[in-house]
Number of protein chains: 2
Amino acid sequence: MGATNTEHYSDKQNQIATLAKALGHPARIAIMEYLLNVETCICGDIVNELPLAQPTVSQHLKELKNAGLIKGEIEGNTICYCINEKAFNILQSYFGNITGKLEMKKSNCC
Amino acid sequence: MGATNTEHYSDKQNQIATLAKALGHPARIAIMEYLLNVETCICGDIVNELPLAQPTVSQHLKELKNAGLIKGEIEGNTICYCINEKAFNILQSYFGNITGKLEMKKSNCC
DNA sequence: ATTTAATATTGCAATATTACGATATATAAA
DNA sequence: TTTATATATCGTAATATTGCAATATTAAAT
């Protein structure tokens, strides 16, 4: 079938899965890291940073934007893409929570 | 083409992408959360927790295991699946690092 | 008004993912 | 040894993803 049925899961579970899925490609990780390191966020040069053609990069950017990981604003001839802090705060607190719980369980198995 | 070319990215980028991809499905998030909350880790009842058939759950477990997010050991008639703490430590430190950097940048754009 | 530059969209081929029924495997119980 | 139980694998259909060439769009520059 290939289609994920999101109805059966909680909003939170779907939210985390959506964010994780968007980060589930090395090109998109590379894009995030580039946006993180660059001074300004006029980011037309992302294409030059990646081993991918321009339409492919554009598509990856679209997916990151749809997932809420980046924001994009038109600025004249270029687009200003930059990281959406909120999304990463969500991820950090989610994984922080998990590692915290794991710390408490401290190997009662395997 | 549908095939991701991992060669062009760093090991770290591929590692994070692999972990994120494995978490990029709500069923697999639900599995992780169930493993986190359950007392023991004899987890044959994961199937009952999810709205999916047994082969589908087995497949999701395999993916989580391949990505290194869970460990599985045969225990008599059942399988003991449990979370691999290391993987979550990697994710937490990665996202912690990112949110730290974002904190420092503090909105010089968008 | 034309040209240039930056980005997006479309269309398409190759491959991957999701899901499940049927079946295999392997241990435990009878 | 047969039967029951738990999990994995196979085969397959439906859908999604990845990637790019060709083309469209849009605003700046000439």
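The values are calculated or read from the model by the stated rules, or taken from the named source; none is laboratory data. Bear in mind that the values here come from a model prediction, so they are computed numbers and not experimental data. Because the Cβ atoms are built from the backbone with ideal geometry, glycine has one as well, and the counts that use them run over all protein chains shown.
Suppose the filter is over 11 Å from the mean Cα position of the chain (by Cα), within 16 Å of DNA strand D (Cβ to nearest atom) and more than 8 Å from every other protein chain (Cβ to nearest Cβ); does A:I70 pass it?
Working: over 11 Å from the mean Cα position of the chain (by Cα): no; within 16 Å of DNA strand D (Cβ to nearest atom): yes; more than 8 Å from every other protein chain (Cβ to nearest Cβ): yes.
Taking the combined requirement at face value, the residue does not satisfy it.
One line per residue, one yes/no per condition, for (1) touching a strand residue (DSSP E or B) at 6+ places or on another chain (Cβ under 7 Å); (2) β-branched (V, I, T); (3) at pLDDT 95 or above:
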site	(1), (2), (3)
A:E39	no, no, no
A:H60	no, no, yes
A:K65	yes, no, yes
A:I74	no, yes, no
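Go through the residues of the range B:57-66 one by one and say whether even a single one is on the phi < 0 side of the Ramachandran plot, touching a residue at least 40 places away in the same chain (Cβ under 8 Å) and away from DNA strand C (no atom under 13 Å from the Cβ). Steps first, please.
Going residue by residue through the range B:57-66, those that are on the phi < 0 side of the Ramachandran plot are B:57-66.
Going one step further and asking which of them are touching a residue at least 40 places away in the same chain (Cβ under 8 Å), we end up with B:63-64, B:66.
Cutting the leftovers down to away from DNA strand C (no atom under 13 Å from the Cβ) gives us none.
There is no residue in the range B:57-66 that is on the phi < 0 side of the Ramachandran plot, touching a residue at least 40 places away in the same chain (Cβ under 8 Å) and away from DNA strand C (no atom under 13 Å from the Cβ).
Restricting the search to the range B:10-35, which residues are away from DNA strand D (no atom under 13 Å from the Cβ), aliphatic (A, V, I, L, M), closer than 25 Å to A:E33 by Cα and assigned to a helix (DSSP H, G or I)?
Residues satisfying the conditions are B:I16, B:L19, B:I29.
If A:D45 satisfies every condition in (1) within 21 Å of B:L23 (Cβ to Cβ); (2) exposed (fewer than 13 other Cβ atoms within 10 Å of the Cβ); (3) among the charged types (D, E, K, R) but one, which is the exception?
Unmet for A:D45, out of (1) within 21 Å of B:L23 (Cβ to Cβ); (2) exposed (fewer than 13 other Cβ atoms within 10 Å of the Cβ); (3) among the charged types (D, E, K, R): (1).
Just to be sure I understand, how many residues within the range B:73-102 are among the acidic types (D, E) and within 14 Å of DNA strand D (Cβ to nearest atom)? Outline the logic, then answer.
If we filter the range B:73-102 for residues that are among the acidic types (D, E), which is where we start, we get B:73, B:75, B:85.
Remaining after also requiring within 14 Å of DNA strand D (Cβ to nearest atom): B:73, B:75.
Number of matching residues: 2.
Which of (1) modelled with pLDDT under 90; (2) within 11 Å of chain B (Cβ to nearest Cβ); (3) not in a strand (DSSP E or B) is the odd one out, the single condition A:A3 does not satisfy?
Every condition holds for A:A3 apart from (2).
Which members of the range B:83-99 meet the condition of being part of a helix (DSSP H, G or I) and more than 7 Å from chain A (Cβ to nearest Cβ)? If you could, list the steps in order and put the result at the bottom.
Step one: of the range B:83-99, the residues part of a helix (DSSP H, G or I) are B:85-99.
Those that are part of a helix (DSSP H, G or I) and more than 7 Å from chain A (Cβ to nearest Cβ): B:K86, B:A87, B:I90, B:S93, B:Y94, B:N97.
Of everything in the range A:1-42, what is acidic (D, E) and surrounded by 14 or more Cβ atoms within 10 Å (Cβ to Cβ)? Give them in sequence order.
First pass over the range A:1-42, keeping only residues acidic (D, E): A:7, A:11, A:33, A:39.
Once the filter is applied, which keeps residues that are acidic (D, E) and surrounded by 14 or more Cβ atoms within 10 Å (Cβ to Cβ), the range A:1-42 yields only A:E33.
Return the residue satisfying two criteria in turn: it lies in the range A:51-67 and is surrounded by fewer than 15 Cβ atoms within 10 Å (Cβ to Cβ) and within 11 Å of chain B (Cβ to nearest Cβ), and of such residues it is farthest from DNA strand D (Cβ to nearest atom).
A:P51
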